[in-house]
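The values are calculated or read from the model by the stated rules, or taken from the named source; none is laboratory data. These numbers come from a predicted model, not from an experiment. Ideal geometry is used to build each Cβ from the backbone, glycine not excepted, and the neighbour counts take in all protein chains shown.
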Amino acid sequence: MSSRAKRGMGALLPIIRLLSQYKLRLVGASIALLFTAGATLSLGRGLQVLIDQGFGGGTRADLKSAIVLLISIAAAMAVGTFVRFYLVSWLGERISADIRKQVFDNVVHLHPGFFETNRSLEIMSRLTTDTTLLQTIIGSSFSMALRSSLTTTGALVMMFITNLKLSLIIALGVPLVLLPILVFGRRVRKLSNQSQDSIASVGSYAGEVIQNIRIVQSYTREQFESEAFNREVERAFEIARRRIWQRSMLICGAILLLFVGMSGMLWEGGQDVISGSMSGGELGAFVFYAIMVGSGLATISEVWGDLQRAAGAAERLIELINTDSLIADPGTTVETTTSVQPELRMDDVSFYYPTRPKQAALQDFTLRIESGKCLALVGPSGAGKSTVFELLLRFYDPQEGRILLDGQDIREMGLTEMRNNIALVPQQPALFTGDVRYNIAYGKLDASDQEVEAAARAAHAHEFICALPDGYASHLGEMGVRLSGGQRQRIALARAILNDPKILLLDEATSALDTESEHQVQLALEELMQHRTTVIIAHRLSTILHADNIAVLEEGRVIATGTHEQLLRDCALYARLASLQFREPQVSFETPPYPIVESDQYVPG
């Protein structure tokens, strides 16, 4: 992915801005945090009263009063902790949910080219693992860091109020405690980023293997994939081990230096108590505050590693949120109208895929798709047929030329409005993990049951749907795995029929089907294509003999257009393809043939 713009703890700033949306709960959590910190600090004074007046007072009443004071302080701490924990945990869950929504909302609108260079399973890992980490940090570690910062600061102040000389001894040791945080903190953050990336890689690798488990097992590559996965896991473990080592060194150094300082303080304070210049309760209170400072700094040093991990997770998530789609959507700023049977034109289009910037997928490509007519695209693999569909759906924008829908450049049309005119029936239908009704109504979610059933009947799918265990409520499994290829294709056709598109793009929807399934799908296609502008990618010429026009593509150019009979006579490439498929005699050309085209259909490249 692109280089990360934000580094260090600054990556958490966008997360903090999200927290500002929930001011009331944030204020409530802050008040509870301050209240709890104050109650905790007052325990030191309670301890001093217990020692000097409860134990030293000599009466039961004094002891009872001191104990009641401690119980009251403890009750206040308990209530404050309850409120703080609930509100902070709520904020953690809420922010995690908000970030998930923001990431998904942006990712689902990104141009398809983005997913050519970024693995979808890695993005899914970021969407789940990184947001869960942030939820834990915000709901727990961040709160601990704030609480420890407050109590440590308050304890330092109380230490100076209680005994200045001993406080100076402790104060000299504080910079030594901060030193390992600064030294090891940077290393922990760097390793945390690497650790999260390695975990995402492990999840992505496992997901890819599981998605293709039939291929893995058919080639008996189970052992190979297990060993490869083990290497990925061990690499992630090694990075995590180094991160844990650095974090352990951070905690160890902080605690050791802190208690060395406290030992020096106890030596001086003990001598003052022995000499009578300091009471036992005063020393007890001071020791309590010193322990609070020590535990607070130890907690901060430990939580610092969590915050570094959170910063790494935030970097990855904010990067996804801030990624812009290369397909600019003008929205509804421009009013557009299309006819019932719109016309499509591609004028002098040149296009290079982002991953292949030096290899033209289409070059000087000009083509007219007449209103209400059926145009078939034929040609060898790599000729540019699928690229035409990608551009018509505006999954990409051409570097040169224009694509016109009823005379208007599709780049000036809102994506939603433009794509609502088009339905794609791919060669491999895409079904979702849901029931039959959900998959058919995917393009029209407010469709009634009667409309869904009518679309299924038109797609010749109603009979087999009714034979399923739960009919239209039957779940299809992941990617429709519980259906045959022909059944999946007819569900996809029913979806297109229900969507009632003005333009139909068919990517040879029958090429992978058996004879019976092909017959059923062809019947559905004939109904679907009536009174619509249709473009077909043809791999088998027998399926396009009924087309009004055929365009022959080669190396990203239109080399000929015409009917089947015309192209047999005048296009060598088409004649050769027909000869291979129909066993028809191939026409011999003494000179390069000239394509049969109308003046507004083809411009020689």
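Some notes on this structure:
- Residue list for region 360-409, restricted to those being basic (K, R), farther than 17 Å from I550 by Cβ and not in a strand (DSSP E or B): R394
So that you can scan it fast, the table gives a plain yes or no per residue for (1) at pLDDT 75 or above; (2) within 28 Å of M77 (Cα to Cα); (3) of a type in the set (G, A, S); (4) assigned by TED's automatic domain parsing to the domain that holds L34:
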site	(1), (2), (3), (4)
L168	no, no, no, yes
L176	no, no, no, yes
I181	no, no, no, yes
R187	no, no, no, yes
L191	no, no, no, yes
Q194	no, no, no, yes
G207	no, no, yes, no
V216	yes, no, no, no
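- Extreme residue, farthest from V108 (Cα to Cα), among residues of region 420-436 that are of a type in the set (V, I, T) and crowded, with 19+ Cβ neighbours inside 10 Å: V436
- Restricting region 507-525 to residues that are in a loop (DSSP other than H, G, I, E, B) and under 19 Å from S386 (Cα atoms), the residue that is modelled with the lowest pLDDT: A512
- Of all the residues in region 110-132, those that are modelled with pLDDT under 75 and of a type in the set (G, A, S) number 2.
- For beta carbons closer than 7 Å, sequence separation of 6+ or different chains, a first residue in region 461-476 that is in a helix (DSSP H, G or I) and a second that is aromatic (F, W, Y) and surrounded by 19 or more Cβ atoms within 10 Å (Cβ to Cβ), the qualifying pairs are I465/Y472.
- Residues of region 8-60 classified as more than 21 Å from T153 (Cβ to Cβ) and either modelled with pLDDT under 80 or not in a helix (DSSP H, G or I) (or both), total: 22
- Filter result for G414 (within 30 Å of T355 (Cβ to Cβ), in contact with a Lys or Arg (Cβ under 6 Å, 6 or more places away or on another chain) and touching a residue at least 40 places away in the same chain (Cβ under 8 Å)): no
- Some residue of region 90-105 being buried (at least 19 other Cβ atoms within 10 Å of the Cβ), more than 16 Å from L33 (Cβ to Cβ), among the polar types (S, T, N, Q) and in contact (Cβ under 8 Å) with a residue 40 or more places away in the chain: yes
- Criterion applied to E417, E370 was being closer than 24 Å to I559 by Cβ and surrounded by 15 or more Cβ atoms within 10 Å (Cβ to Cβ), and the one residue passing it is E370.
- L528 of a type in the set (A, V, I, L, M), surrounded by 18 or more Cβ atoms within 10 Å (Cβ to Cβ), closer than 25 Å to I369 by Cα and at pLDDT 85 or above: no
- Only a single criterion out of (1) surrounded by fewer than 19 Cβ atoms within 10 Å (Cβ to Cβ); (2) within 26 Å of the chain's Cα centre (by Cα) is not satisfied by D409, namely (2).
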